[in-house]
Amino acid sequence: VQLQASGGGLVQTGSSLTLSCTTASKRRFSGWAVGWFRQAPGKEREFVAGIHGSGRVSSYGDAVKGRFTISRDAAKNTVSLQMNSLKPEDTAVYYCAATINGASNMAAQSVGTWGQGTLVTVSS
């Protein structure tokens with residue numbers, strides 16, 4: 001399955017932004033764990049958030065807990081990442097990722113499919 005990520009942009013500190021991930025074709029990713037990773041220049045790819053295929057269990061990286069919320073809309077075949085209280089250190093390329101039958105606390109090495117990145121820039 002090919003993933004499409006969208007919603008990145010340039011925002012100011014304290015702003016909100018919503019990223020969306022869906023499939024490039026009509027294939028649905030129900031049952032897949034879907035999540036977001038990010039990579040800032042010069043840094044390793046970091047887990048941001050993930051949601052189980054059931055939609056009932058989600059996990060978050062420590063850096064975003066309490067500020068970001070991941071959700072999935074099965075009818076729209078979309079997983080969204082609501083990002084609030086954005087900080088300059090949230091600046092990165094954000095990647096959508098999916099793993100069939102995976103857990104919500106995704107590890108980069110277990111990801112089956114990566115989407116293209118979408119750039120989020122938070123100005124101070």
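The values are calculated or read from the model by the stated rules, or taken from the named source; none is laboratory data. Just so we're clear, the structure is a prediction, and the values are computed from it rather than from any experiment. Every residue, glycine among them, receives a Cβ derived from its backbone with ideal geometry; neighbour counts consider all protein chains shown. The accessibility values were calculated without ligands, DNA or RNA, using every heavy atom of the protein model including side chains. Shrake-Rupley method; radii C 1.70, N 1.55, O 1.52, S 1.80 Å.
Of note:
- Check on residue 64, assigned to a loop (DSSP other than H, G, I, E, B), free of Cβ contacts under 8 Å to residues at least 60 places away in the same chain and either among the aliphatic types (A, V, I, L, M) or open to solvent by 50 Å² or more (accessible area, probe 1.4 Å) (or both): yes
- Taken as a whole, the condition of being open to solvent by less than 50 Å² (accessible area, probe 1.4 Å) and in a strand (DSSP E or B) applies to residue 38.
- Candidates are the residues of the range 73-105 that are hydrophobic (A, V, I, L, M, F, W, C) and open to solvent by 10 Å² or more (accessible area, probe 1.4 Å); the one that is modelled with the highest pLDDT is 93.
- Residue that is farthest from residue 5 (Cα to Cα), among those in the range 106-124 that are buried (at least 17 other Cβ atoms within 10 Å of the Cβ) and out of contact with any Lys or Arg (no Cβ under 9 Å at 6 or more places or on another chain): 106
- Any hit, the range 100-120, residues being in contact (Cβ under 8 Å) with a residue 60 or more places away in the chain and aromatic (Phe, Trp, Tyr): yes
- Residue match in the range 10-30 (condition: open to solvent by less than 50 Å² (accessible area, probe 1.4 Å) and on the phi > 0 side of the Ramachandran plot): no
- Those residues of the range 20-41 which are closer than 18 Å to residue 106 by Cα and not hydroxyl-bearing (Ser, Thr, Tyr), in sequence order: 21, 29, 31, 32, 33, 34, 35, 36, 37, 38, 39
- In this structure, residue 59 does not satisfy being open to solvent by 20 Å² or more (accessible area, probe 1.4 Å), touching a residue at least 40 places away in the same chain (Cβ under 8 Å), closer than 18 Å to residue 93 by Cα and of a type in the set (S, T, N, Q).
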